[in-house]
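Colleague: Once you've had a glance at the structure underneath, I'll fire off some questions.
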Amino acid sequence: MTILPQARTEALLTEALAERGVTVERGVGVADVDQDETSVTAALTDGSVARAAILFAADGAHSTVRKALDLDFPGDRWSEPWRLLDVELDGAPPDEGWVDLRPDGPLLCLPFAGGVFRLITFGADPLAHLPDGWTAGKVHWTSEFRVSHRLAERMAVGRVCLGGDAAHIHSPMGARGMNLGVEDAFVFAACAADFLNGETGRLADYGRLRREDDGAVVRRVKAATDALRRSGPLADAVRGLLIPFAARIPAVVDQIVRTGMGLDHPVRVR
Ligand SMILES: Cc1cc2nc3c(=O)[nH]c(=O)nc-3n(C[C@H](O)[C@H](O)[C@H](O)COP(=O)(O)OP(=O)(O)OC[C@H]3O[C@@H](n4cnc5c(N)ncnc54)[C@H](O)[C@@H]3O)c2cc1C
């Protein structure tokens, strides 16, 4: 198993843009957006104004553009804190993802390069409850977050489209968030090219196609995460018997891997 940390993915994408002559400008944000029949105008935080035929907003979960469009971002927020740790571990499998379905919350362990592993849990302190034979070394980074599941009420309004976390957020179980945003960008590129060539309905197509596909992923990830956080005898039986049994069935494992890789649905551009 190879895990590419998101910072590395972002560096690769930035390099790919540079090869195409595009420089990423940092430190300047969109403060407001407006649009008319022919263009979009963005007021920037440095006081300048940018004008373009169309706008793709991937400005994160607290999206300024989504708010400027007055779009709802309905969903829920779970109260339990999730912990993240990047830590050196001796004894953990160096090339496998690993999950312990504990009653107080699953512990997920993913190998990064150089003997560093990412631990994710909403249960007890993972370092205090490492599996037998594992020893923790230097902790490189820790963080804490709370999980929400939300989907924007629309992903296209006129000439402005939303993508990535600006349009959908869900638990990291399944490792889909960033990849789903990359899918949005891919479909937007296809639709935007057609729109600029005169197919005026194509941005609306983007909004419809992605909202259906992103919404389905958000619902699936939420259901899967919820199954792992439930308590009670039935949930214990599912975790203790059903999931370990299912994990021995190759077709089930294949489906889980395909889901994690985002290969569980076709990427529709029409
Ligand atoms: C713990 C955790 C683990 C995860 N693991 C995975 C994983 O394994 N695989 C995976 O695919 N995904 C994963 N994700 C999800 C992934 O991190 C996000 O889905 C992804 O970062 C979203 O990218 P984005 O560009 O849409 O938004 P962001 O990453 O939030 O980026 C938004 C960008 O917009 C900028 N911005 C904000 N406001 C403005 C503005 N007004 N004007 C201009 N720019 C603005 C911000 O500075 C930022 O650079 C994980 C998330 C969490 C929390």
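FYI, it's all coordinate maths here, none of it is from the lab. All values reported here derive from a predicted model rather than from experimental measurement. All Cβ positions, glycine included, derive from the backbone under ideal geometry; neighbour counts span all protein chains shown.
Colleague: Restricting attention to the stretch 157-176, which residues are crowded, with 19+ Cβ neighbours inside 10 Å, under 18 Å from G97 (Cα atoms) and either near the ligand (Cβ under 7 Å from one of its atoms) or among the aliphatic types (A, V, I, L, M) (or both)?
Modeller: M173, R176
Colleague: If I filter the stretch 101-142 down to residues being within 18 Å of L4 (Cβ to Cβ) and part of a loop (DSSP other than H, G, I, E, B), which single residue comes out as nearest to the ligand (Cβ to nearest atom)?
Modeller: Only one residue fits best here, namely F112.
Colleague: Assuming T14 fulfils every condition listed in (1) under 30 Å from V139 (Cα atoms); (2) in contact (Cβ under 8 Å) with a residue 40 or more places away in the chain; (3) surrounded by fewer than 18 Cβ atoms within 10 Å (Cβ to Cβ) apart from one, which condition is it?
Modeller: (2)
Colleague: Note down all Cβ pairs under 8 Å where the first residue falls in the stretch 46-71 and is away from the ligand (no atom under 13 Å from the Cβ), the second is in a helix (DSSP H, G or I), and they're at least six residues apart or on different chains.
Modeller: A53/L196; I54/A192; I54/F195; I54/L196; I54/L203
Colleague: Got a sec? Which helices (runs of 4 or more DSSP H) wholly within the stretch 166-270 have at least 2 residues that are touching a Leu at 6+ places or on another chain (Cβ under 7 Å)?
Modeller: Qualifying helices (runs of 4 or more DSSP H): 177-196, 202-229.
Colleague: Looking at the stretch 72-82 only, could you name the residues that are within 14 Å of the ligand (Cβ to nearest atom) and surrounded by 14 or more Cβ atoms within 10 Å (Cβ to Cβ)?
Modeller: Scanning the stretch 72-82 gives F73, W78, W82.
Colleague: Hey, does the stretch 41-59 have a residue that's part of a helix (DSSP H, G or I) and more than 24 Å from Y206 (Cα to Cα)?
Modeller: no
Colleague: Across the stretch 70-100, which residue is nearest to A43 (Cα to Cα) among those that are more than 22 Å from the chain's Cα centre (by Cα) and not in a strand (DSSP E or B)?
Modeller: It comes out as D70.
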